[in-house]
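Asks: I'd like to ask you about the structure that follows.
The values are calculated or read from the model by the stated rules, or taken from the named source; none is laboratory data. Just so it is clear, the structure is predicted and the values come from calculations on it, not from any experiment. With ideal geometry, Cβ positions are generated from the backbone for all residues, glycine too; neighbour counts draw on all protein chains shown.
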Amino acid sequence: MSAPAKPSDEPIRAKSQLVEYIEQGCKPKDAWRIGTEHEKFVFDQISLRPIPYEGERGIRSVLAGLADLCWTPVLENGNIIALVDDKGASITLEPGGQLELSGAPLETIHDTCFEVHTHLRQVKDVVEDQEIGFLGVGFQPKWALADIPRMPKGRYKIMTDYMPKKGGKGLDMMYRTCTVQTNLDFSSEADMVKKLRVSLALQPVATALFASSPFRDGKPSGLISTRADVWTDTDPDRTGALPFAFEDGMGFERYVDWVLDVPMYFVYRDGRYLDASGLSFRDFMAGKLPILKGEIPTMGDWTDHLTTAFPEVRLKRYLEMRGADGGPWRSLCGLPAFWAGVLYEQDVLDAAWEWVKDWTLTERQDLKRDVAHLGLKAPFRGETVRELALRAMELADAGLAKRRRLNRSGEDERVFLKSLWVIAESGQNAADDMLRSFYTEWDGRVDPLFEEYAY
């Protein structure tokens with residue numbers, strides 16, 4: 001869910017500090033970078049069950065093995081709960097034992113793809129001969145919520161207790177989903193707003209292209225992206241497609257105002273997470289937080305609180321694209337290629353905005369709902385999302401061609417769009433392929449998925 005916090009003791013005395021914090025993310029174009037994050041399920045290759053934290057073949061041992069490969073452990077109550085390196089990357093432990101690589105900010109998609117490949121090779125080397133596998137799909141296909149082990153992180157205990165108070169699928173989100181995410185930069189407030197609006201509008205297209213979660217509890221869920229459907233009933237206070245982002249006056253301050261109204265989860269003090277679930281950060285700023293009366297927050301508290309908002313596109317000091325299922329190897333490089341292509345060249349970004357700017361709130365909300373059920377077959381303005389995907393792919397292709405970032409073989413970043421072109425042109429995503437296999441060669445069983453979609 002997030003990399004380990006880097007606390008700042010600077011006290012917050014005015015909202016302007018919060019706005020300035022995000023504004024400091026503005027960078028000139030030559031300093032823009034690409035970050036890729038992806039989660040994966042860790043499972044026992046014999047039983048196919050999720051791996052627990054403890055034990056000789058547990059998550060702790062996997063993290064300890066990675067720590068021997070130039071990663072620095074982050075401890076909580078003596079438990080390894082994350083790893084960091086000196087390049088800005090981290091490996092974090094998700095609530096149900098999913099492992100997430102939060103990649104470093106890198107110059108090209110060639111670089112980020114090499115980083116992902118290196119990471120996957122490392123985790124496979126660490127578990128060699130231990131019969132542990134890593135699965136790339138968007139939702140746990142076989143095991144019920146009760147079968148998922150819990151990880152020893154204080155913030156997850158607080159979230160687990162709070163989630164059922166706000167939605168019916170929040171625990172599924174925590175314990176049974178995996179995603180791939182792209183983080184991108186902006187040059188100014190106006191640039192951020194345009195990128196935010198375009199990426200919010202097109203997030204359902206990415207969901208349809210990357211959908212890989214048609215199963216739940218060992219059988220078809222009736223959905224193409226079960227992960228995307230989970231987010232529709234997680235917590236309305238902190239999720240969604242940010243309708244206010246399309247209103248006049250949108251900017252850094254408007255987003256800060258929204259996050260200030262997102263109820264808190266916790267406050268981190270002296271190595272412990274204090275339960276602040278449902279309390280107000282505005283009260284905290286006024287020194288009126290019931291659990292810390294008279295104390296005002298620090299900028300470290302603010303950066304923690306920013307990580308507890310879960311919109312489709314999240315604003316920090318960069319923009320996070322959060323709408324895609326975790327998936328096979330090829331999709332882990334395809335997502336940053338798609339979004340960098342659409343957002344990182346001005347004329348392409350402008351063309352994308354001209355395309356989507358008249359989409360209404362109702363249309364955007366219906367599109368988000370429909371792609372979870374129908375994927376590329378979802379309807380939109382007399383056509384389907386497949387047609388939207390083809391048009392978005394043309395924009396991404398044009399943007400990457402203009403970037404002209406070459407690898408050693410002289411190929412530009414469009415090489416990472418190849419698998420997405422196949423999906424868009426055929427109208428068949430990974431979820432469609434899985435369902436076809438389920439009813440044919442898999443003989444109505446999801447077990448073969450753990451082999452065919454493992455890294």
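Asks: Counting only residues that are in contact with a helix residue (DSSP H, G or I) (Cβ under 7 Å, 6 or more places away or on another chain) and on the phi > 0 side of the Ramachandran plot, how many does region 328-381 have?
Replies: Qualifying residue count for the region: 1.
Asks: Another question, then. Do we find that Ser199 is touching a Cys at 6+ places or on another chain (Cβ under 6 Å) and under 25 Å from Gly88 (Cβ atoms) in this structure?
Replies: no
Asks: Tell me, yes or no, whether region 334-357 has at least one residue that is under 29 Å from Asp235 (Cα atoms) and not in a helix (DSSP H, G or I).
Replies: Yes, because at least one residue in region 334-357 is under 29 Å from Asp235 (Cα atoms) and not in a helix (DSSP H, G or I).
Asks: Can you work out which of the residues in region 231-259 that are small (Gly, Ala, Ser) and over 20 Å from the mean Cα position of the chain (by Cα) is surrounded by the fewest Cβ atoms within 10 Å (Cβ to Cβ)?
Replies: Here the residue is Gly249.
Asks: Only one of these is more than 25 Å from Gln45 (Cα to Cα) and crowded, with 21+ Cβ neighbours inside 10 Å: Arg176, Arg155. Name it.
Replies: Residue meeting the stated conditions: Arg155.
Asks: Another question, then. Considering only region 229-239, I want to know if a residue exists there that is in a loop (DSSP other than H, G, I, E, B), at pLDDT 95 or above and touching a His at 6+ places or on another chain (Cβ under 6 Å).
Replies: Looking for residues that are in a loop (DSSP other than H, G, I, E, B), at pLDDT 95 or above and touching a His at 6+ places or on another chain (Cβ under 6 Å), one finds none in region 229-239, hence no.
Asks: Kindly provide the set of residues from region 293-307 that are touching a Lys or Arg at 6+ places or on another chain (Cβ under 8 Å) and surrounded by 16 or more Cβ atoms within 10 Å (Cβ to Cβ), ordered by number.
Replies: The answer is Gly300, Thr303, Leu306.
Asks: Another question, then. Out of curiosity, is Thr112 hydroxyl-bearing (Ser, Thr, Tyr) and closer than 24 Å to Glu320 by Cα?
Replies: Yes.
Asks: For residues that are out of contact with any Ser or Thr (no Cβ under 9 Å at 6 or more places or on another chain), modelled with pLDDT of 95 or more and of a type outside the set (Lys, Arg), scanning just region 308-336, find the one that is surrounded by the most Cβ atoms within 10 Å (Cβ to Cβ).
Replies: Per the stated criteria, the residue is Leu315.
Asks: While we're on this one: Within the group Arg197, Arg176, which residue is farther than 19 Å from His38 by Cα and not hydrophobic (A, V, I, L, M, F, W, C)?
Replies: Sole residue among the options that is farther than 19 Å from His38 by Cα and not hydrophobic (A, V, I, L, M, F, W, C): Arg197.
Residue by residue, here is whether (1) in contact with a His (Cβ under 8 Å, 6 or more places away or on another chain); (2) part of a helix (DSSP H, G or I); (3) among the hydroxyl-bearing types (Ser, Thr, Tyr) holds:
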| residue | (1), (2), (3) |
| --- | --- |
| Gln365 | no, yes, no |
| Leu395 | no, yes, no |
| Ser409 | no, no, yes |
| Leu420 | no, yes, no |
| Ala424 | no, yes, no |
| Asp433 | no, yes, no |
| Phe438 | no, yes, no |
| Gly444 | no, no, no |
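Asks: Take region 241-288 and flag every residue that is of a type in the set (A, V, I, L, M), assigned to a helix (DSSP H, G or I) and more than 20 Å from Glu320 (Cα to Cα).
Replies: Residue satisfying the conditions is Met285 alone.
Asks: Within region 134-161, can you find the residues that are under 14 Å from Thr226 (Cβ atoms) and small (Gly, Ala, Ser)?
Replies: Gly138, Ala144
Asks: Report, by residue number, each residue of region 350-369 that is more than 14 Å from Ala241 (Cα to Cα) and of a type in the set (Asp, Glu).
Replies: Asp350, Glu354, Asp358
Asks: To continue, here is another question. Helices (runs of 4 or more DSSP H) wholly in region 125-227 with at least 1 residues that are free of Cβ contacts under 8 Å to residues at least 40 places away in the same chain - which ones?
Replies: 170-176, 189-210
Asks: Same structure, new question: Does any residue of region 292-306 turn out to be among the small types (Gly, Ala, Ser), within 27 Å of Leu75 (Cβ to Cβ) and in contact (Cβ under 8 Å) with a residue 40 or more places away in the chain?
Replies: yes
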